[in-house]
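Let me begin by presenting the structure, written as structure tokens, before commenting on it.
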């Protein structure tokens with residue numbers, strides 16, 4: 001008799017969809033990644049084609065199954081992770097009226113500022129979503145105010161996972177986790193918030209049906225099942241958002257366990273057993289299950305800033321890497337590692353694309369501070385990486401006000417592959433940094449949540465049996481003293497700069513070439 005041994009975790013990300021097949025012990029059997037572009041049709045826009053993502057989901061599932069060579073009967077479940085804050089306007093026939101508006105889209109900024117000024121903090125305390133252009137709440141208001149004809153044609157406002165599940169099961173459903181990141185859900189009663197709906201100018205009929213993250217769907221159309229190479233009766237678990245599932249996937253679900261993720265953007269998160277919000281509005285609070293809530297803060301400027309450094313300041317390393325068939329980032333971090341901690345008094349505020357936590361200021365801009373005649377290019381390179389990490393540390397300080405000092409920090413994302421970057425985080429945070437064996441944390445988190453949904457495991461803490469630590473970076477006490485002296489200056493200057501962000505943004509809009 002064939003046993004259902006494997007779980008498929010599918011992550012609908014900002015730049016790609018990834019499908020990873022795991023065995024019952026959490027080991028990767030096979031995986032597939034299908035990429036797609038993030039389109040910028042006008043300044044401030046960041047959108048995607050929802051049908052392109054739907055195709056990527058189907059292709060990635062089929063490719064992962066085909067590579068594994070398992071039989072259809074061996075697949076126990078398919079469970080989903082998805083990026084937060086996406087928004088698609090749908091007409092009466094189920095056709096998209098807009099592309100998928102992503103979290104990176106800034107066009108609703110004036111309306112987010114309006115909400116923030118009028119009722120921002122109180123609304124945040126009910127919804128757990130900081131007021132920001134990333135949120136569907138802000139984007140729906142922007143569409144209503146700026147595009148009334150489009151708004152009036154819209155039958156539903158949905159996210160990308162809802163679009164996929166409707167294509168699979170002909171129903172608009174949204175899990176509590178994705179819904180809790182819209183700015184429209186009351187996190188205490190797990191229902192759409194009346195005040196948020198009034199601000200957006202919509203009724204519940206314009207939104208999907210709310211369901212727990214453990215909800216299972218069966219009976220996908222045989223033609224779709226054949227297209228993906230799966231049995232039509234395999235359970236589809238709706239799952240949660242990628243941030244919550246990344247915590248689960250790295251075994252950071254117990255009190256005091258913190259996950260730090262840095263990819264293109266970044267986040268710091270921990271799990272609590274009830275909703276927790278911040279009196280200053282600096283952190284988010286999103287649902288994983290009814291009894292597991294993820295609190296933390298996201299940043300816009302992670303690997304994105306390092307890529308800017310590579311492209312604008314590191315032509316020498318890029319050229320050498322090409323000649324030596326090496327990764328240019330390895331050469332960059334080698335140079336950075338030769339510069340003393342603190343970059344001899346050079347600070348970099350990494351706000352190249354505005355910022356979410358802890359300031360939640362879409363107008364924030366980057367800057368070097370302390371630049372002197374003794375500073376060279378390598379100092380600037382190190383200061384850039386230190387700035388990314390100091391900003392993440394500011395988010396951790398906000399989180400510590402809510403949960404106390406972490407017991408353990410676990411690292412995920414692209415930065416976890418860099419020994420230099422991990423060590424810098426350990427030195428700045430003053431904490432050991434544990435790196436799990438798995439790097440597919442959101443997909444593994446989805447798979448584990450799927451097992452929990454089907455009653456195959458009793459507690460999410462079963463993840464501890466599946467995730468092992470690969471390496472640990474210990475803080476350097478000497479470097480830690482340097483950062484302890486420098487970080488307060490970084491924080492004070494970031495607050496001083498806030499007074500002029502609007503001025504410089506207005507200047508940039510007026511004088512920056514549109515070509």
Here the residues within the stretch 10-48 that are in contact with a helix residue (DSSP H, G or I) (Cβ under 9 Å, 6 or more places away or on another chain), outside any loop (DSSP other than H, G, I, E, B) and over 17 Å from residue 66 (Cβ atoms) are 11, 12, 16, 35, 48
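Count, please, the residues in the stretch 187-212 that happen to be touching a residue at least 40 places away in the same chain (Cβ under 8 Å) and assigned to a strand (DSSP E or B).
Summing the residues that are touching a residue at least 40 places away in the same chain (Cβ under 8 Å) and assigned to a strand (DSSP E or B) in the stretch 187-212 gives 0.
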Note on the stretch 213-226: residues part of a helix (DSSP H, G or I) and surrounded by fewer than 17 Cβ atoms within 10 Å (Cβ to Cβ) are 222, 223, 224, 226
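Across the stretch 49-81, which residue is farthest from the chain's Cα centre (by Cα) among those that are free of Cβ contacts under 8 Å to residues at least 60 places away in the same chain and not in a helix (DSSP H, G or I)?
So the first thing to find is which residues in the stretch 49-81 are free of Cβ contacts under 8 Å to residues at least 60 places away in the same chain, and the list is 49, 51-52, 55-56, 59-60, 63-64, 67, 69.
From the residues that got through so far, the ones that are not in a helix (DSSP H, G or I) too are 49, 69.
Values: 49: 19, 69: 32 Å.
Here the answer is 69.
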Over the stretch 227-257, the set of residues buried (at least 24 other Cβ atoms within 10 Å of the Cβ), part of a strand (DSSP E or B) and out of contact with any helix residue (DSSP H, G or I) (no Cβ under 6 Å at 6 or more places or on another chain) is 238
**Message:** Considering only the stretch 309-327, I want to know if a residue exists there that is closer than 29 Å to residue 284 by Cβ and at pLDDT 95 or above.
**Reply:** yes
Checked against (1) within 19 Å of the chain's Cα centre (by Cα); (2) part of a loop (DSSP other than H, G, I, E, B); (3) under 29 Å from residue 27 (Cα atoms), residue 178 satisfies every condition except (2)
Among strands (runs of 3 or more DSSP E) entirely within the stretch 323-412, at least 1 residues that are surrounded by 23 or more Cβ atoms within 10 Å (Cβ to Cβ) occur in 347-349, 408-412
Counting only residues in the stretch 123-135 that are surrounded by 24 or more Cβ atoms within 10 Å (Cβ to Cβ) and out of contact with any helix residue (DSSP H, G or I) (no Cβ under 8 Å at 6 or more places or on another chain), the one nearest to residue 109 (Cα to Cα) is identified as 134
Within the stretch 414-428, residues in contact with a helix residue (DSSP H, G or I) (Cβ under 6 Å, 6 or more places away or on another chain) and under 19 Å from residue 438 (Cβ atoms) come out as 414, 415, 418, 421, 425
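So that you can scan it fast, the table gives a plain yes or no per residue for (1) without any contact (Cβ under 8 Å) to a residue 40 or more places away in the chain; (2) surrounded by 21 or more Cβ atoms within 10 Å (Cβ to Cβ):
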| site | (1), (2) |
| --- | --- |
| 438 | no, yes |
| 443 | no, yes |
| 455 | yes, no |
| 487 | no, no |
| 510 | yes, no |
>> Condition check: outside the structural domain of residue 61 (by TED's automatic domain parsing) and surrounded by fewer than 17 Cβ atoms within 10 Å (Cβ to Cβ). Does residue 493 satisfy that?
In response: yes
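The values are calculated or read from the model by the stated rules, or taken from the named source; none is laboratory data. Being a predicted model, the structure only gives us computed values, none of them experimental. Positions of Cβ are backbone-derived with ideal geometry, glycine not excepted, and every protein chain shown enters the neighbour counts.
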